[in-house]
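What follows is calculated from the coordinates using simple rules that are stated; it is not laboratory data. Predicted model, so just to flag it, every value in this text is computed and none were measured. Cβ: placed from backbone, ideal geometry, glycine included. Neighbour counts: every protein chain shown.
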């Protein structure tokens, strides 16, 4: 079998991710015919179709999906060679790609990343907000080095480490009948318009499960894309908000909101770090993972700093 070259793999990944040869050609600054030729050569070398051409673009075959995972991993390892070699020059360097849920980004990560960069100023961190449901897959497919997620099943292919913990709260206008309560149950406002985050977020999944447990549909005409937007909608009387307690209390004074702790077992959430096995981590990613774990341990200890 002829050896595979990295450029052909990269072009295949680009086509698979963008859905058409034309979009991949535009992104990679190469002629569409050249990309088609390389993919045809790949299919000849591997002896199996990788893409199915349609009038809308291309669809990845089962063999193509397997190659997509392998190609991403191989290209990632090639990219890491110069970065890891530079780690030996003048201290730790490199790029660490982190994907995390909005809750983690708005509550824990800024403080933890600031302290890490104070120790390793030459490390670059690329932080992207991703739904909890998609985070582990991003790490498995080498689209990210570290993932931070909550409330979803844990992958058996990754190392899962504990991170921070938070609790959800209900947020009301101050004129609401439940305003002023220290804690509330979900059933007490489940029949009202419940404002949550966008579909697929960890909070949205928890609310859907809770409503299903009560055998009633989850009402709510609006979904927010940020916690600030959600609090503003509560302020305007569009419904009851469910969001992390620390963020709700942060917005309560300025928007005249009432916040009540949500008295449900599912309202306390554990966040986790998703990591690839140690042999597949760069030194910079390994150090950041260790640092994030240490930050979480200090925050959970009686004498530690608060997480948010």
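Helical runs assigned H by DSSP (4 residues or longer) give the chain a calculated mean residue ellipticity at 222 nm of -14000 deg cm²/dmol, each run adding -39500 (n - 2.57) before division by the residue total.
The modelled label-to-label distance for the pair residue 115/residue 298, using points 7 Å beyond Cα in the direction of Cβ, is 0.3 nm. Each part gets one Cα centre, and for region 1-70 versus region 109-123 those centres are 38 Å apart. Axis of helix 283-300 versus longest Cα principal axis of the chain: the two differ by about 10°, to the nearest ten degrees. The antiparallel fraction among DSSP beta bridges confined to the chain stands at about 60%.
Most tightly packed first, judged by the mean number of other beta-carbon atoms within 10 Å of their residues, the peptides 130-140, 175-185 read 130-140, 175-185.
The Kirkwood radius of region 6-82, taken over pairs of alpha-carbon atoms, gives through the Stokes-Einstein law at 4 °C and 1.567 mPa s a diffusion coefficient of 104 µm² s⁻¹. From the P(r) of region 166-268, can you give the percent of Cα pairs sitting at distances over 22 Å? Beyond 22 Å sits 16 percent of the P(r) for region 166-268. Computed from Cα positions, the angle between helix 6-18 and the longest principal axis of the chain comes to roughly 40 degrees.
For the chain, the longest principal axis of the alpha carbon atoms and the long axis of helix 32-46 meet at an angle near 80°. For region 45-159, the relative contact order is 24 percent, taking Cα pairs closer than 8 Å that sit 6 or more residues apart in sequence and dividing their mean separation by the residue count. Highest mean packing first, where packing is the average number of other Cβ atoms within 10 Å per residue, the peptides 65-71, 101-107 line up as 101-107, 65-71. Shown here is the pair-distance distribution of region 225-308: with all Cα-Cα distances grouped in 10 Å bins from zero up to the longest one, the shares run 14, 31, 28, 20, 6, 0 percent. Ranked by the mean number of other Cβ atoms within 10 Å of their residues, highest first, the peptides 93-100, 276-283 come out as 93-100, 276-283.
With just the Cα atoms defining each centre, how far is region 186-212 from region 214-292? Give it in Å. Here the two parts' Cα centres lie 12 Å apart.
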